[in-house]
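The values are calculated or read from the model by the stated rules, or taken from the named source; none is laboratory data. Keep in mind that this is a model prediction, so the values were computed, not measured. Glycine also receives a Cβ, built like all others from the backbone with ideal geometry; neighbour counts cover every protein chain displayed. Areas reflect the complete protein model, heavy atoms only, side chains present, ligands, DNA and RNA absent. Shrake-Rupley method; radii C 1.70, N 1.55, O 1.52, S 1.80 Å.
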Amino acid sequence: MSNSTCSKRSRLSVVVDGVDHIEGSSHDNGTHVVVEGSSHIVAIHKRFILERDSNVNGKNRITWKSTTLPWEKFQFWEPRIVDGFSLYSEDKTVENAITTPKYSFYHSLQYEGPSDIDGVKLDWQNCDIDVSYGPRETIVDQWCALPEGQRIVYGKDVAGTRKAEFGVFNLELDDSIDVGLEGIICRWNKTGIEKCQKGLTMFKKAHTLSMEKVDVRLIEPVGMHPTLEIDLQEIMPYTDKCEIFMYLILPKNLFIDQFGGHMTDSVTPLFVSGLTDLEKPSYQLQNNGWGSEVLYRLRNGELNRIELHSRYSEPKNVSEQETSSTELVKFNPILFEACDTGISNLFQNPFYSKGVGYERYFTNDTIFHHFQNRQIGVKIPAARWHDYEKTQWFTVLCLLSSMFYLFYKLFSKPKRNR
Amino acid sequence: MGFEDAWLIVSSLLLRIGFFTFGIYQDTHMQVKYTDIDYYVFHDAAGYVFNHNSPFLRDTYRYTPLLSWLLVPNHYLGWIYYGKLLFVVFDLITGIIIMKQLAKKSKANWLASVWLLNPMVITISTRGNAESVLGFMVMLTLYWLQKGQLIPAGLIYGISIHFKLYPVIYGLPISIYIFNHYKGHKWFHKLALFGAPTLISLLSCSIWMYQIYGQEFLENAYLYHLYRTDHRHNFSIWNLLLYFDSARPEKSVLSKIAFIPQLVITASISILQWWNPQFENLPCVLFVQTFAFVTFNKVCTSQYFIWYLIFLPLYISRSNIPPLKCVTMLAIWGATQGLWLLQGYRLEFLGQEAFFPDLLAASGAFFLGNVWILGQLIEDIKSTEHPKIDKIKKEA
């Protein structure tokens, strides 16, 4: 996906937890800004825009959401991207990807993206990442924490860019949709930092954190047909233009029966993409894709149930002494209320642009109010390879003894009852 | 038809209506649904047919398209339960055919009630299991054979094979019966009168379906059943081994020859018809043969039990098994099944690691219990010249 570039633009933004900390969070020497990690630094955002001198057909996007960075802390300027590594492509030939109604989609819990893009380092260990490959430019966004002991040195030469900008802000406003960042913005000229001046950035965010708590849990006992229960009985819609949805990225060990609407009170999915086979075990689907993508529209004011099914897991190579051979499969449901707003500038703000993953299934003016939820883990029992030989012997013995017995019964002299 | 016959049929009908109605109530009001999961497969497949598509667009539809055609009125009428009602009708007619075959026996209605009033049978058809359609065809084949109407018997037998393949195992005992029955009276001509219509109806249905649905019909309705190795837990003794082998790059030799014990035993049981060529013995042989087929099958679920249960009233009518042994056989069948169901429940609904040795041992117990029962049934058929029930009649 890399292509020759002619120039770069970059911006480093820092948010601190109070106006008093704006001044002290960074210092400069005329050419470089140094930001020292501290407890007052809420988050940093790094953006690089790589301009190309050639056209690239099609759009691709890479996202990475680290499980160590809580989105709730960054929600004022970060979209709620899917946990793990995702590659969304208009190219249908991506290896092991699934085809969804909107894109070809590859997903993994491990980071599988590049370590840098045209010299821009992708710091997947400390940041959430969104790389958007467009026809004329590539936009790299990284949202990171800066813990104590770490520092960032930023300057035009460090970034190797044509245009550089640095801002340190206090989060002045963060209501349901509007965000206001007030602080200092510095720009570079050819020789060094040109000037720093006070600035205020106002924008509308498309992803917010809902204050309401929704209980999402697995009904016990879990078994091979885990049922997710989402309690929306106490939840009132934000406006009458809002509906609650659940978006699932399921590994291949779990699947949704897209025909299963009749069988239970489960909510019927709006669509299921990817591995929809109802019978195959996970180990026979190695080259068919990584799993499935499912979107549900939930029922407001009700207890919603979503029935999943476990695929059989490959027998495990564990020692005879080990008592457990279950496979723990984890996934992170994304539960949100999607509301039509009629606001035209929701699609883009200085820190992200929409149109990634599940956002594609909604209109551009949709705002997503996310409910806090947790990772779900399902244990799938598996056989143990060291029982294989014993199973073979047992089966053979049962079959041979029964065949001898039945032949004896068939061909021995009959006992007369009368 | 006497008063008792009518009473039995009316009671059977009422019972079925009761189960059917309760099923609708349970489906509407309770979390655990009454309707069989397979019924929704048939229903969805019929929906595709209704919309001029292939029933095989429905995942896991592995049957003849004719079955989905039967359920098209579900969508035409907008009533999902139409198909169930149809299955109940087939189930009831099967019972009436059983009654007719038992007509000359004493306690005929008692015996027929083993099918007609059997809650297991009623539950299976009212939950929407299509086995009643097959049961009807197999029983009609026997009825026409008994009446000497070989051509219609052959035609319906061919359709039954087209529907579910496994009735092909009845070909050998039925041929032995025809050979012995018409020995010295152009037996080959009679055999052809049965065999040719069988082939004609089987091939006609298959070619017709192939012309409409092509390779996907062959793949799903026929070939799948030949090469399927179901890794998911079921009663079969083969189950755990097949699960292991499904995860290996190459199957074990044992898995590859899994059909041989089944084939050998099922075919060998036909000799019981040779030794006792009466027509009355034929349903008994078919009962034992089906029982063996299901016992040795690579996949075995509860719905397969209905395959042999249809012959049970006819079998009992000739059986000499003492009551105590009957109870023991039933107890072993029930207890080993219960033992397996407990392990299956632990694995499927509690998510416990119950594969080895629990589930394997339970499958083994059920298998060996079934084999012991088979042994008793074989012994019973061999020792039966005159059924005890007729002896009682004579004594009376």
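Annotation note: Cβ proximity below 8 Å between a residue of the stretch A:388-410 that is more than 7 Å from chain B (Cβ to nearest Cβ) and farther than 15 Å from B:SER236 by Cβ and a residue that is part of a helix (DSSP H, G or I) and of a type in the set (A, V, I, L, M) (sequence gap 6+ or interchain) occurs for A:SER401/B:LEU368. All of A:GLU307, A:GLU293, A:GLU359 fail the test of being among the acidic types (Asp, Glu) and over 26 Å from A:ILE129 (Cβ atoms), apart from A:GLU307.
In this structure, A:LEU12 does satisfy being assigned by the TED database to the domain that holds A:ILE193, closer than 30 Å to A:ILE334 by Cα and surrounded by 13 or more Cβ atoms within 10 Å (Cβ to Cβ).
You will find that of A:PHE394, A:PHE407, the residue that is open to solvent by 50 Å² or more (accessible area, probe 1.4 Å), in a helix (DSSP H, G or I) and under 30 Å from B:SER383 (Cβ atoms) is A:PHE407 and no other.
Listed by first and then second residue, the pairs linking a residue in the stretch A:5-28 that is touching a residue at least 12 places away in the same chain (Cβ under 8 Å) to a residue that is open to solvent by 60 Å² or more (accessible area, probe 1.4 Å) and not basic (Lys, Arg), with Cβ atoms under 6 Å apart and 6 or more places separating them unless they lie on different chains, are A:CYS6/A:ASP53; A:VAL16/A:HIS40; A:ASP17/A:HIS40; A:HIS21/A:HIS40. Only a single item in (1) of a type in the set (A, V, I, L, M); (2) open to solvent by 40 Å² or more (accessible area, probe 1.4 Å); (3) farther than 30 Å from A:LEU308 by Cα; (4) more than 12 Å from chain A (Cβ to nearest Cβ) is not met by B:LEU368, and it is number (4). Of all residue pairs spaced 6 or more apart or on separate chains, those with beta-carbon atoms under 6 Å, a first member in the stretch B:235-259 that is farther than 19 Å from A:LEU400 by Cβ and a second member that is among the acidic types (Asp, Glu) and part of a helix (DSSP H, G or I) are B:LYS251/B:ASP245. Could you go through the stretch B:318-331 and let me know if any residue there is away from chain A (no Cβ under 13 Å), open to solvent by 40 Å² or more (accessible area, probe 1.4 Å), touching a residue at least 12 places away in the same chain (Cβ under 8 Å) and within 24 Å of the chain's Cα centre (by Cα). No, that holds for no residue. Restricting the first member to the stretch B:298-315 and to residues that are among the basic types (Lys, Arg), and the second to residues that are modelled with pLDDT of 95 or more and open to solvent by 10 Å² or more (accessible area, probe 1.4 Å), the beta-carbon pairs closer than 9 Å and six or more apart or on different chains are B:LYS298/B:GLN262. The set of residues from the stretch B:82-92 being within 15 Å of B:LEU15 (Cβ to Cβ) and open to solvent by 40 Å² or more (accessible area, probe 1.4 Å) comprises B:LEU85, B:VAL89. A Cβ distance below 6 Å, combined with a sequence gap of six or more or placement on separate chains, defines the contacts here; from the stretch A:81-92, residues that are assigned to a loop (DSSP other than H, G, I, E, B) reach residues that are charged (D, E, K, R) in the pairs A:ILE81/A:LYS65; A:ASP83/A:LYS65; A:GLU90/A:LYS59.
Can you confirm whether A:LYS316 is in contact with a strand residue (DSSP E or B) (Cβ under 6 Å, 6 or more places away or on another chain) and either at pLDDT 95 or above or crowded, with 16+ Cβ neighbours inside 10 Å (or both)? Judged against the criteria, A:LYS316 is a match.
As a summary of the residue check, A:PHE362 satisfies the conditions (1) in contact (Cβ under 8 Å) with a residue 60 or more places away in the chain; (2) crowded, with 18+ Cβ neighbours inside 10 Å; (3) not aliphatic (A, V, I, L, M) except for the one numbered (1). Remark: pairs (first residue in the stretch A:276-295, surrounded by 20 or more Cβ atoms within 10 Å (Cβ to Cβ); second residue among the acidic types (Asp, Glu); Cβ separation under 9 Å; 6+ apart in sequence or on different chains) = A:PRO281/A:GLU314; A:SER282/A:GLU314; A:SER282/A:GLU327. Scanning the stretch A:104-132 for residues that are at pLDDT below 90 and crowded, with 17+ Cβ neighbours inside 10 Å returns A:ILE117, A:VAL120. Of everything listed in (1) in a strand (DSSP E or B); (2) over 18 Å from the mean Cα position of the chain (by Cα), the single unmet condition for A:LYS190 is (1). Only helices (runs of 4 or more DSSP H) whose full extent lies in the stretch B:222-283 are considered here, and the ones with at least 3 residues that are open to solvent by less than 40 Å² (accessible area, probe 1.4 Å) and of a type in the set (Val, Ile, Thr) are B:259-269. Annotation note: of B:LEU140, B:LEU145, B:LEU172, B:LEU193, the sole residue that is open to solvent by less than 10 Å² (accessible area, probe 1.4 Å) and either touching a residue at least 12 places away in the same chain (Cβ under 8 Å) or β-branched (Val, Ile, Thr) (or both) is B:LEU145. The number of residues in the stretch B:128-156 being over 13 Å from B:ILE93 (Cβ atoms) and at pLDDT 95 or above comes to 11. Scan the stretch A:326-340 residue by residue and report those that are crowded, with 17+ Cβ neighbours inside 10 Å and out of contact with any Ser or Thr (no Cβ under 7 Å at 6 or more places or on another chain). Scanning the stretch A:326-340 gives A:VAL329, A:PHE331, A:ASN332, A:PRO333, A:ILE334, A:LEU335, A:PHE336. In the set (1) at pLDDT 90 or above; (2) within 14 Å of chain A (Cβ to nearest Cβ); (3) part of a helix (DSSP H, G or I); (4) over 21 Å from B:VAL121 (Cα atoms), B:GLU353 fails one condition alone, (3). When restricted to residues that are open to solvent by 30 Å² or more (accessible area, probe 1.4 Å), farther than 18 Å from B:PHE217 by Cα and within 9 Å of chain A (Cβ to nearest Cβ), the stretch B:34-81 contains 2.
Yes or no, residue by residue, for (1) modelled with pLDDT under 95; (2) among the aromatic types (Phe, Trp, Tyr):
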position: B:TYR213; (1), (2): no, yes
position: B:PHE217; (1), (2): no, yes
position: B:ASN220; (1), (2): yes, no
position: B:ASP230; (1), (2): yes, no
position: B:LEU240; (1), (2): no, no
position: B:LYS251; (1), (2): yes, no
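Taking the stretch A:173-218 as the range and being of a type in the set (Gly, Ala, Ser), out of contact with any helix residue (DSSP H, G or I) (no Cβ under 9 Å at 6 or more places or on another chain) and open to solvent by less than 40 Å² (accessible area, probe 1.4 Å) as the test, the residues that pass are A:GLY180, A:GLY199, A:SER210.
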